Structure formats: C-alpha cells, structure tokens
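The values are calculated or read from the model by the stated rules, or taken from the named source; none is laboratory data. All of these numbers come straight from a predicted model, not from anything done at the bench. No Cβ is skipped: glycine too gets one built from the backbone with ideal geometry, and neighbour counts run over all protein chains shown. Please note that ligands, DNA and RNA were not included when accessible areas were found on the heavy atoms of the full protein model with its side chains. Shrake-Rupley method; radii C 1.70, N 1.55, O 1.52, S 1.80 Å.
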Amino acid sequence: MKLPSRIVGAKTPAILQALDARWVMAYSAGIGETDARCYDTADELPVHPVFPVCYEWEPLQPVRNLPELREVHSQLVHAEHHMVLHRPLRAGETVRTTAQIVAALARSPGAFVVFRCDTTDAKEEPVVTSHYGYLYRGVALEGGDAQAADLPQAQDASGNLSPLDEIAIPANAAHVYTECARIFNPIHTDIAYARAAGLPGIILHGTATLALSVSRALRSHDIEWRRVHALSCRFSGMVLMPSTLRLHAARDGRGIAFETANDRGDKVISRGRLLLE
C-alpha cells in the first residue's frame, strides 16, 4: 500500500461549534471525574485540558477521509499528540476550528502524517493549537517527505519518574468515552472491525488514556486543570479492556513529566509532558 505525499496542504473549511455545558460535563464523566465542581452549572465549569480532542474530531474528518487516506484507514494508529492551550477553554463558548495536513514523512513502520487543528474564539483570538501524529502502519510514502510547517517534538520524560497511581480501566471504558466525548471510531467499539484491522479486540482511545493520565498527574500534585498551558506525548502501546494502568510522574521545572504503563509493565504513553502556567 502507498500514500502520496501530495496530500500535504489539504485543509478543512472552518467549523463553528458550541462547547455547551452538557458536553463539557459529559467529558468529565467519561473519564470518571467525581469532583462536584465538574458538574456545578451554578458556577464556572472547569474544562478538562484534553477536551479539545472532542470538538477537533469533526473538523478532522474531511482530511482524515481524503480518498488517498480512506484506502489505508484501517492501518492508522494515533502515535503522537501535541497541544498548546493559549488560554483555558470556557464552557458555553463557541469556537472556530480548521484542520489541515502539515506533514507526510516516511518512517520505518509506515507513513507518518501530521494533522494540525487551529481553534480561535469569537474575537478571532487563538485558543488551542493541536498536532495529531498518525502512523499508517505498513504504508509506503510515495513522492518523498513533504512538510508545510515546523513540527513539535516529543521530549524525553525525566529519568526520575516515581510510581504515582493506578488507573482501573473497566470493560466498557471505550464505549462510555466514545459517547461522552462524541468521538466515533469503530476500532474502539466494534470488535469485528477491530479484529479485521488485525487487533485482538477493541482498544481504548489514546486520548482517553491521555486524559486519565493527565487528571491523575494533576490531582496528585494538587494542580488545577486551567493551569495547563501545553501537553505532549507519544502513544507507545494499546490499552485493552479491562485492565489496570500504572502512572509514573515527577515535577519537572515548569511542568510534570509522566509515563503510563499497562499491567505487564509495557509503556502505553511515553514522553508525556505537561507545561504549566
């Protein structure tokens, strides 16, 4: 299978979306948050720092489903994630998001394609910039590497990470997250589809594993969600359900370095980093 690098530059027209309170609360519920503040509509609802993946899903679809990519869609895995929050999101606001392909690079496991989402508010001020690194396993890149912009890089996590917490992943975690986040991908909920893609079963969304890890790391250091300015990680392995994850983390200058492993000790998130305001 081959993927032409000429897809770089493809872009989605801007999409407006309301970040209503119901969606914000559902996301908190979907990752198991029990803090009453997450559901107190009489006050300002906190918005989880990984929530942007919810509203970015729709703008990503037109470029993720280009004919050239649709042919190799079953080979796709979310390999890296980078996000800059220019300011905290507010429940109830309306945002404008565009998505575009900014790089296609040949790597030994397959073609690595980077999608960037840019979100602005009603005043056209930047709110969030995200980079999704997708690996198309076993797919060759045709036409050579192409890159339209500088790309963020995942940094090495601190070598002094300490065991921080265990995260229980129930058997229904992917179905709950799918509905609460409004992210619909059959690889997470349809076992026949997952097996056809060569997986042993459905797997938890990488962004769900990331959100759970971020929540636990912040809670353990008594840090509010709104202080997160940027986050990044590599997704290093699959999370099957049910399972137990183990979070390792450490304060690191202006932020927190973290990694998450499965119950066999294999990393499922590596090079995790939170930058704090």
Response to the item:
Karplus-derived 3J(HN,Hα) from phi for segment 214-221 (6.51 cos²θ - 1.76 cosθ + 1.60, θ = phi - 60°), whole Hz, x at Gly and Pro, runs 4, 4, 5, 5, 5, 4, 5, 9
Worksheet, complete the sentence: The answer for Leu141, listing residues at least 5 apart or on another chain whose modeled amide H is closer than 5 Å to its amide H, is Leu3
Worksheet, complete the sentence: Amide H contacts under 5 Å for Ser243, restricted to residues at least 5 apart in sequence or on another chain and with H modeled in the peptide plane, are Ile169
Worksheet item: With θ set to phi - 60° and the Karplus curve 6.51 cos²θ - 1.76 cosθ + 1.60, what are the ³J(HN,Hα) couplings of segment 6-22 in order, to the nearest whole Hz, using x for Gly and Pro?
Response: 5, 5, 4, x, 4, 9, 8, x, 4, 10, 8, 9, 8, 8, 5, 4, 4
Discussion item. Leaving out ligands, DNA and RNA, and with a 1.4 Å probe, what % of the accessible surface on the chain is carbon or sulfur?
Written reply: 49
Worksheet, complete the sentence: Any lysines whose Cα falls less than 27 Å from that of Lys11, other than same-chain ones fewer than 8 residues away, would be Lys2, Lys123
Worksheet item: Once amide H atoms are placed 1.01 Å from N in the peptide plane, what residues at a sequence separation of 5 or more from Glu93, or on another chain, have their amide H within under 5 Å of its amide H?
Response: Leu19
Response to the item:
Options [x] 24.1; [y] 19.1; [z] 20.9 for Kirkwood radius over Cα pairs in Å; the value derived from the coordinates is listed as [y]
Worksheet item: Taking the Cα centre of the chain as origin and charging only Cβ (+1 Lys, Arg; -1 Asp, Glu), how large is the dipole, in debye to the nearest 20?
Response: 560
Worksheet item: What's the Kirkwood radius of segment 1-125 in Å, using all Cα pairs?
Response: 16.3
Fill in: Accessible area per residue in Å² at 1.4 Å probe, computed on segment 144-277
47
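Taking the Cβ of Ser232 as the centre, find all other residues whose Cβ is under 10 Å away and add up their charges (Lys, Arg: +1; Asp, Glu: -1).
+2
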Item to complete: Enumerate the calculated ³J(HN,Hα) couplings along segment 49-62 in order (Karplus 6.51 cos²θ - 1.76 cosθ + 1.60, θ = phi - 60°), each rounded to whole Hz, writing x wherever the residue is Gly or Pro.
Response: x, 8, 4, x, 4, 5, 7, 6, 4, 5, x, 6, 4, x
Fill in: Protection-proxy order for peptides 59-69, 129-139, each taking the mean of Cβ atoms within 10 Å per residue, highest first
129-139, 59-69
Discussion item. Run lengths n ≥ 4 of DSSP H only: what is the helix-derived mean residue ellipticity at 222 nm for the chain, with -39500 (n - 2.57) per run over all residues, to the nearest 500?
Written reply: -6000 deg cm²/dmol
Item to complete: On each of the three principal axes of the Cα atoms of segment 59-114, give max minus min coordinate, whole Å, ordered largest first.
Response: 41, 22, 18
